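**Student:** Below is one structure. I have some questions about it.
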């Protein structure tokens, strides 16, 4: 609104104008202070966000460096062993000892198979992380996943003096997923249960229906996992300090891959463990509903 | 008398092939799968040199073992040949040690990077122990 004109000698009018200016100025300053306060708040938020992003970037860079280091080690150690085996045979250290030569060559073959498996797993893991893995989802019965594993797992359990109990729900509805990937998951979880059980122990495998999920439980009573190690168990290459066994068998990629596969199937994996008491792995997978499409 | 080499590594094929090579060159060998096993052996046997892998089941276990050995007056005189699987620089920087600067402070007498040629292994041991065996 335009300010009223005052007569030159009308001091009251001038005072009134000044008062109004002053009041306008105060209100403008107060608005300005509010705006500045808002800017300060948002800059505080932005600073925190920037700092979070920075920490995350540093963390990711470190994780990438660690990953490169771990993968180099995991690949180079078996390659170096195969190289050593070839050296001692080619350089004649085992001349005349054909039995030892064959034994070492067989072990070299196992190591090479381990390297190829690790590379396959890495490729799958990176595809799952990037979201480029095309998962061919179909309706699968529990038996389709677990029955082919039973013989293999029973044999592995026998070799380790462990018994297995199977309690699989009859007539449970199918789940929705890719058979080979889910076989990989359960092969990994059950063999871990066997590997980390104490001789004479038992590993229980259970599958049941709960709401619209199929719940898989694999319970062992073995060495368990220390509480501080549980948050790290899905990390690539993590192996518990007390995890025993042959390094070639468990390169630590297993559980991170399992987690990614379950995530890709919209499932949930949960691990409960007590050190020296045992571990229970629970996997919940949504049951198949007609009309669902590939993810 | 033949010299004794203690190999500390969790890779059974590396241990066995190294033993084959070293025995062929007249060395006596002992082996341990990890640091704890190595210290158990050291209670009854004092080797002339220890081949020590830096990365066993626990990362950097070799460093821990070498530091513990050098801190013990009974074992500090045993030379250590550190074995690395990735490469010396990568292994060391992982543990915040720069070999170009800190090597003289590291509690070891030599490094070898896997894969190791048989001749290289024998020569490095001879260099450290200081005399030929066979």
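**Student:** Going by C-beta contacts inside 10 Å, put B:124, A:41 in order with the fewest on the left.
**Tutor:** Ascending Cβ contact count within 10 Å gives the list A:41, B:124.
**Student:** Can you figure out the FRET efficiency of residue A:272 with residue B:126, using R₀ = 51 Å and their beta-carbon distance, to the nearest 0.05? Intermediate values should be presented prior to the final figure.
**Tutor:** Numbers: r = 54 Å, r/R0 = 1.07.
That pair, residue A:272 with residue B:126, gives E of 0.40.
**Student:** Measuring from label point to label point, each 7 Å out along Cα→Cβ, what is the residue A:110 to residue A:30 span in nm?
**Tutor:** Each label point is offset 7 Å from its Cα along the Cβ direction, giving 8.3 nm.
**Student:** Please state, rounded to one decimal and in Å, the Kirkwood hydrodynamic radius that chain A gives when every pair of distinct Cα atoms enters the mean of 1/r. Write down the numbers at each step before the final one.
**Tutor:** Working: mean 1/r = 0.0412 Å⁻¹.
Hydrodynamic radius (Kirkwood, Cα pairs) of chain A is 24.2 Å.
**Student:** Place a point 7 Å from Cα of residue A:10 in the direction of its Cβ. Which residues in segment A:25-45 have their backbone N less than 17 Å from it?
**Tutor:** none
**Student:** Moving on to the next point. Report, as an integer, the average count of C-beta atoms from other chains found within 10 Å of each Cβ along A:72-79.
**Tutor:** 6
**Student:** Write down the percent of antiparallel bridges among all DSSP beta bridges whose residues are both part of the protein assembly as shown, to the nearest 5. Let's see the in-between values first.
**Tutor:** Details: 26 of 49 bridges.
Taking every DSSP beta bridge within the protein assembly as shown, about 55 percent pair in antiparallel fashion.
**Student:** Another question about this same structure. In nm, to one decimal, how far is the residue B:40 label point from the residue B:64 one, both placed 7 Å along Cα→Cβ?
**Tutor:** Using points 7 Å along Cα→Cβ, the separation is 1.6 nm.
**Student:** Extending each Cα 7 Å along its Cβ direction at residue A:51 and residue A:38, get the distance between those two points in nm, one decimal.
**Tutor:** Computed distance between label sites residue A:51 and residue A:38 equals 2.5 nm.
**Student:** Stretched out fully, how many nm does the piece from residue A:134 to residue A:154 gain, at 0.36 nm a residue minus the Cα gap? All intermediate terms of the calculation are to be shown ahead of the outcome.
**Tutor:** Numbers: separation 20, 0.36 × 20 = 7.20 nm, distance 3.18 nm.
Going from the current span to full extension adds 4.0 nm.
**Student:** On C-alpha positions alone, give me the angle between the axis of helix A:254-264 and the longest principal axis of chain A, in degrees, nearest 10.
**Tutor:** Roughly 60 degrees, rounded to the nearest 10.
**Student:** Direction-averaged shadow area of the convex hull around the Cα atoms of segment A:1-133, nm²?
**Tutor:** Taking the Cα atoms of segment A:1-133, their convex hull projects to 16.2 nm² on average.
**Student:** Counting only other chains, and only Cβ atoms inside 10 Å, what mean value do you get across the residues of B:2-13?
**Tutor:** Mean number of neighbouring Cβ atoms from other chains: 3.
**Student:** How do A:184, B:55, A:137 line up, fewest other C-beta atoms within 10 Å first? Walk me through the numbers on the way to the answer.
**Tutor:** Numbers: A:184 17, B:55 25, A:137 20.
Fewest-to-most Cβ neighbours within 10 Å comes out as A:184, A:137, B:55.
**Student:** Averaged across the residues of A:87-95, what count of C-beta atoms belonging to other chains lies within 10 Å of each residue's C-beta?
**Tutor:** What the average comes to for A:87-95 is 4.
Rule-based calculations on the coordinates, nothing more; no lab input. Note that the structure is a prediction, hence the values are computed from the model and not measured. Methodologically, a virtual Cβ is constructed for each residue, glycine included, from the backbone with ideal geometry; neighbour enumeration extends over all protein chains shown.
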